[in-house]
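Peer 1: I'd like to ask some things about the structure below.
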Amino acid sequence: MHLDFRHLRTIKAIHDLGGMARAADLLNITQSALSHQMKGLEDQAGVELFVRRSKPLRLSAAGMRLLRAAERILPEVDALAEEFRALRMGRT
C-alpha cells in the first residue's frame with residue numbers, strides 16, 4: 001500500500017469537518033477528486049475506510065486506525081518541516 005501525507009491529511013480533514021464536501025473545500029480540491037483519492041486508497045488497502053451507509057459519513061474501524069496514525073504522524077511531520085525552515089533561515 002502506498003500512503004502519502006496527503007492521505008493522512010485527507011482522512012483527518014474528513015473526520016474533523018464531518019464530511020467530504022467541507023474537507024474538499026479545506027484541501028482546495030473538488031469533492032470528486034477527494035472521493036477518488038479515498039476510493040483509490042481503499043482499493044490499495046483492501047479495506048473500507050468509511051461506513052457509507054450512514055448519515056453522516058462515518059469512519060470504519062480501519063478508517064479510525066488510519067485517523068489515529070494521522071493524528072500521531074502529522075504533528076511530527078509539521079514539527080520537522082518547521083525545524084528545517086528554521087535551519088534554512090539560520091535560526092538554529
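Peer 1: With all pairs of different alpha carbon atoms counted, what Kirkwood hydrodynamic radius in Å does segment 42-82 show?
Peer 2: The answer is 11.5 Å.
Peer 1: Go through segment 50-64 residue by residue and turn each phi into a ³J(HN,Hα) via Karplus (6.51, -1.76, 1.60, θ = phi - 60°); whole Hz please, and just put x for glycine and proline.
Peer 2: Karplus-based 3J(HN,Hα) across segment 50-64 equals 10, 8, 7, 7, 10, 10, x, 4, 10, 7, 6, 4, 5, x, 5 Hz.
Peer 1: SER60's amide H: which non-local residues (gap 5+, or another chain) put their own amide H closer than 5 Å, with H modeled 1.01 Å from N in plane and none for Pro or chain starts?
Peer 2: PHE50, VAL51
Peer 1: Tell me the mean residue ellipticity at 222 nm calculated for the chain from its helices only (DSSP H runs of n ≥ 4, each -39500 (n - 2.57), averaged over every residue, nearest 500).
Peer 2: -23000 deg cm²/dmol
Peer 1: Rounded, prolate or oblate: which fits segment 19-63 when a ≥ b ≥ c are the square roots of the eigenvalues of the alpha-carbon gyration tensor, with rounded for a/c under 1.5 and prolate only if a/b beats b/c?
Peer 2: It comes out oblate by the Cα gyration axes.
Peer 1: Here is a follow-up. Over the chain, what relative contact order in percent results from Cα pairs under 8 Å that are six or more residues apart?
Peer 2: It comes to 30 percent, rounded to a whole number.
Peer 1: Using 0.36 nm times the number of residues separating ALA81 and LEU17, minus their current alpha carbon distance, what extension gain do you get?
Peer 2: 20.6 nm
Peer 1: With N residues in the chain, what two-decimal value do you get for its Cα radius of gyration over 2.2 N^0.38 Å?
Peer 2: Against the compact-globule rule of thumb, the ratio is 1.22.
Since every read-out is calculated from the coordinates, none of them should be taken as a lab result. A quick note: this is a predicted structure, and the numbers were derived from the prediction, not measured.
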